[in-house]
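This report refers to the structure that appears directly beneath it.
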Amino acid sequence: MGMTADEKLMKAVLELAKKGCGITSPNPMVGALVVKDGKIIAQGYHEGPGKPHAEAVALEKAGGKAHGASLYVNLEPCCHHGRTPPCVDRIIKAGIREVVCAMEDPNPLVSGRGFKKLMEHGITVKKGVLEKEAQRLNEVFVKYITFGEPFVICKFAMTLDGKIASKTGDSKWISGELSRRIVHRLRYAVDAVLTGVGTVIADNPLLNCRLDGNIEKQPVRIILDSNLRIPFNSRLLLDKGSKTIVVTTEKCSLKRAEKLKHMGIEVLFAPLYRERIDVRWLLKHLGEREIAGVLVEAGSSVITSFVELGLVDKFVVFVAPKIVGGAGAPTPVAGEGAEVMEQALLLEDIEVSRIGNDVMIVGYPQKQRRQKN
């Protein structure tokens, strides 16, 4: 069965919204089309906090032609004063006769009120067109605006026999170049990249985004380091291209903390949970700082912390056609683990892609999603 005319136009809206990837946070990615007699007469997308919303951009371009036209948008138009004026007022004033929308805004300040106001002014509202696709596009925003905490993506690359490094700790490179390019796109799409000090000591990574073309922003780098073991000559401490936060605890040397501060590095003291950094506290803290999406790129102990506490919202796993062996070679998730297969964390909504010689598996923890619904 083919797509309806509304679905085709909404697909174009979603593609338009994607242009805001990496630059709109903590706002959602939104695209808008003004359509008259089946033809697109204007379009717009949201380019970032404080900048005009997609609807306002499209209506500005359409001018007087917007009167009697349809407006296609992937998220319910706002009806409250935020950093910009309410979009519903602009839509009403422009004389739009119909609004076709993919999903309701999960923001409690909007949630259904935008649609209600439009209908009160005689505007026809059609909602739910490509809703699942729209929800997926803005999954980071939906989690952040609903719970006040960042959406957590856990990414790792492993060999066919489930190792993330050799027995000596060597991990460069498990995945191929094409997979690594996707990782840089993932970094660009989030607000922060999080790792542990073990990874910093072993790999000395930059953890920045390196893509062709102009990079409008770099993700914040967050290092978990309970005892402040991080070497002062680490590349990510010396690179000033993006902000670095070292998260530590009362167990650390205050002298080393002062040295890091003098280097321009933010040192954040976190409470302990089972003698480790309390990552649940950290996520709440990051949410308060308007960090909406976090990419966990770390070793086994950090990944295990997030998995055992049920804090991962999405897994992105690259499997390379290599067998490294070694009983002591690390696996992505360690800890106590499940006693029986029935207790295993099950992923759903799985997408499998071939990336060069690697296989990329994307999935969402089933139990976690049920808890949130």
If you take the C-alpha gyration tensor of the stretch 262-333, multiply each eigenvalue by 5 and take the square root, what semi-axes do you get, largest first, in whole Å? 27, 15, 14
Taking a label point 7 Å from the Cα of Ala327 along Cα-to-Cβ, the residues of the stretch 147-177 whose backbone nitrogen sits under 20 Å from it are 161-170
Ignoring ligands, DNA and RNA, what accessible area per residue does the stretch 148-284 give at 1.4 Å, in Å²? 49
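Given Lys172/Lys251; Lys61/Lys126; Lys11/Lys163; Lys127/Lys284; Lys65/Lys117, which pairs have Cα atoms separated by over 28 Å? Numbers along the way, then the final one.
On the way: Lys172/Lys251 32 Å; Lys61/Lys126 23 Å; Lys11/Lys163 39 Å; Lys127/Lys284 32 Å; Lys65/Lys117 22 Å.
From Lys172/Lys251; Lys61/Lys126; Lys11/Lys163; Lys127/Lys284; Lys65/Lys117, over 28 Å: Lys172/Lys251; Lys11/Lys163; Lys127/Lys284.
Which longest run of the chain has no exposed loop site in it, a site being chymotrypsin sites (Phe, Trp or Tyr not before Pro) in a DSSP loop with at most 13 other beta carbons within 10 Å, and the site itself not part of the run? Spell out each step's value before the answer.
Working: sites that count: Trp173, Phe232.
Formally, the longest exposed-site-free interval is 1-172.
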Quick one: of Lys8/Lys39; Lys19/Lys51; Lys132/Lys217, which pairs are farther than 22 Å apart, Cα to Cα? Lys132/Lys217
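What FRET efficiency comes out for the pair Leu206/Gln343, r = Cβ-Cβ distance, R0 = 35 Å, nearest 0.05?
Efficiency, rounded to the nearest 0.05: 0.40.
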Where does the charge balance sit around Ala320 when Lys and Arg score +1, Asp and Glu -1, over other residues with C-beta under 15 Å from its C-beta? +3
At a 1.4 Å probe radius, carbon and sulfur cover how many percent of the accessible area of the chain? 52
Show that you can apply the helix-only estimate: for the chain, add -39,500 (n - 2.57) for every DSSP H stretch of four or more residues, divide by all residues, and state [θ] at 222 nm to the nearest 500. -8500 deg cm²/dmol
Residue-count net charge about Ile41 - beta-carbon cut-off 10 Å; Lys, Arg +1, Asp, Glu -1: +3
Packing-based order for 106-113, 259-266, using average beta carbon neighbours within 10 Å, highest first: 106-113, 259-266
Out of (i) 29, 26, 20; (ii) 41, 23, 19; (iii) 38, 31, 16, which label holds the value of semi-axes √(5λ) of the Cα gyration tensor in Å that was computed here? (ii)
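Please work out how much length the chain gains when fully extended from Lys251 to Asp161, using 0.36 nm per residue of separation minus the C-alpha to C-alpha distance, in nm with one decimal.
Answer, rounded to one decimal: 28.7 nm.
DSSP beta bridges in the chain, what fraction antiparallel, as a percent rounded to 5?
Details: 24 of 60 bridges.
If we restrict to bridges inside the chain, about 40 percent are antiparallel.
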Using a probe radius of 1.4 Å on heavy atoms only, what accessible surface per residue do you get for the stretch 85-131? Whole Å² is fine. 49
Run the reach check for Lys243 against aspartates and glutamates, Cα to Cα strictly under 18 Å, same-chain hits fewer than 8 apart removed. What comes back? Asp191, Glu216, Asp225, Glu258, Glu266, Glu288, Glu290, Glu297
Residue separation times 0.36 nm, minus the C-alpha to C-alpha distance between Trp173 and Met3: what's the value? 57.0 nm
Calculate the FRET efficiency for Ala334 and Thr124 from the Cβ-Cβ distance with a Förster distance of 51 Å, rounded to the nearest 0.05. 0.40
Nearest 0.05, what FRET efficiency do Asp37 and Gln366 give at R0 = 45 Å with Cβ-Cβ as r? 0.50
Radius of gyration and Dmax over the Cα atoms of the stretch 1-116, both given in Å: 13.1, 42
Quick calc: nm separation of the 7 Å Cα→Cβ label points for Glu131 and Arg276 -> 3.8
Those lysines that a straight Cα-Cα span of less than 21 Å connects to Lys167, excepting residues fewer than 8 apart in one chain: Lys155, Lys322
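With a cut-off of 8 Å between alpha carbons and a minimum separation of six or more residues, what is the relative contact order of the stretch 115-233 in percent?
Values: 82 pairs, mean separation 19.6, N = 119.
After rounding, I find 16 percent.
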Net length gained if the chain between Ala12 and Arg229 were fully extended (0.36 nm per residue, minus Cα distance): 73.2 nm
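The values are calculated or read from the model by the stated rules, or taken from the named source; none is laboratory data. Predicted model only: the values in this text are computed from it and were never measured. Because the Cβ atoms are built from the backbone with ideal geometry, glycine has one as well, and the counts that use them run over all protein chains shown. Accessible surface areas use protein heavy atoms only, side chains included; no ligands, DNA or RNA. Shrake-Rupley method; radii C 1.70, N 1.55, O 1.52, S 1.80 Å.
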